[in-house]
Amino acid sequence: MRKFGEKALLDFRAEYKRTKKLLAADPGIGSEELNLSDDKHRYKYTVINGLSIMLYRVENETVYIVDMWDTRQQPPTIVRL
């Protein structure tokens, strides 16, 4: 909020909530992250408001949000989960 302001924070929050609802309704909406997926887990990602990426995986009926980052920065180093 300090860096981008209250409006940007509220806009992001609304998009984040909307994305979570979309994932709950259809976890298949994202694209597969081939660099992380293996025989045990299939990781997917979706873009939030064009500036953030949400990485997630689905097990049974549960969506697990694994990581999020700003697309304007280098992606974080992700350790095999």
Check your understanding: In nm, what is the difference between 0.36 nm times the number of residues separating A24 and I53 and their Cα-Cα distance?
Key -> 8.8 nm
Review point. Full extension from T46 to E15: what is 0.36 nm times the residue separation minus their Cα-Cα distance, to one decimal in nm?
Key: 10.0 nm
Point to revise | Helix-only mean residue ellipticity at 222 nm for the chain, each DSSP H run of n ≥ 4 adding -39500 (n - 2.57), per residue, nearest 500 | key: -8500 deg cm²/dmol
Review point. For the chain, what does the equivalent ellipsoid look like in terms of its semi-axes, each the square root of 5 times an eigenvalue of the Cα gyration tensor, given largest first in whole Å?
Key: 24, 16, 9
Check your understanding: Tell me which lysines have Cα within less than 23 Å of K44's Cα, excluding those fewer than 8 residues away on the same chain?
Key -> K17, K20, K21
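Read the figures in this text as sums done on the coordinates, not as results from a lab. Keep in mind it's a predicted model, so treat the numbers as computed, not measured.
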